[in-house]
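The structure under discussion appears below in the form of structure tokens.
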Amino acid sequence: MTIVQPRTCQPVVCTAVQTDDRGMDVHRCSVCDITFGNQAMLFVHKGCHCVDNPLRCNVCVQTCQDEMNFFIHITIGHTAK
């Protein structure tokens, strides 16, 4: 399966690794503050953000109003299809 991305929307690719209270690595999205237990899931998630507008979905190019709407759009909108 090939995913075609719009030319004007490049994915955000950066990581933010922190350590939680138990000494476990926590990978946090610097755009919407969602945390992941491993770096691979963060990279998959970051591919959903656009560089020019991090609240624009890199999958369907919809622009969300805020971080919560973006989270809802990604988790419910694209996984339900």
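The values are calculated or read from the model by the stated rules, or taken from the named source; none is laboratory data. Just so it is clear, the model here is predicted, and its values are computed rather than measured. Glycine gets a Cβ as well: all are built from the backbone with ideal geometry, and neighbour counts include every protein chain shown.
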- [ ] Keeping to region 51-81, report how many residues are at pLDDT below 85 and either touching a Leu at 6+ places or on another chain (Cβ under 6 Å) or in a strand (DSSP E or B) (or both).
- [x] 0
Task: Residues satisfying the stated conditions in region 54-77, i.e. over 12 Å from the mean Cα position of the chain (by Cα) and farther than 17 Å from Asp33 by Cβ - done: Cys60, Val61, Gln62, Thr63, Ile76, Gly77
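Where residues in region 46-68 are touching a Lys or Arg at 6+ places or on another chain (Cβ under 8 Å) and not polar (S, T, N, Q), which of them is surrounded by the most Cβ atoms within 10 Å (Cβ to Cβ)?
Among those that are touching a Lys or Arg at 6+ places or on another chain (Cβ under 8 Å) and not polar (S, T, N, Q), it is His49.
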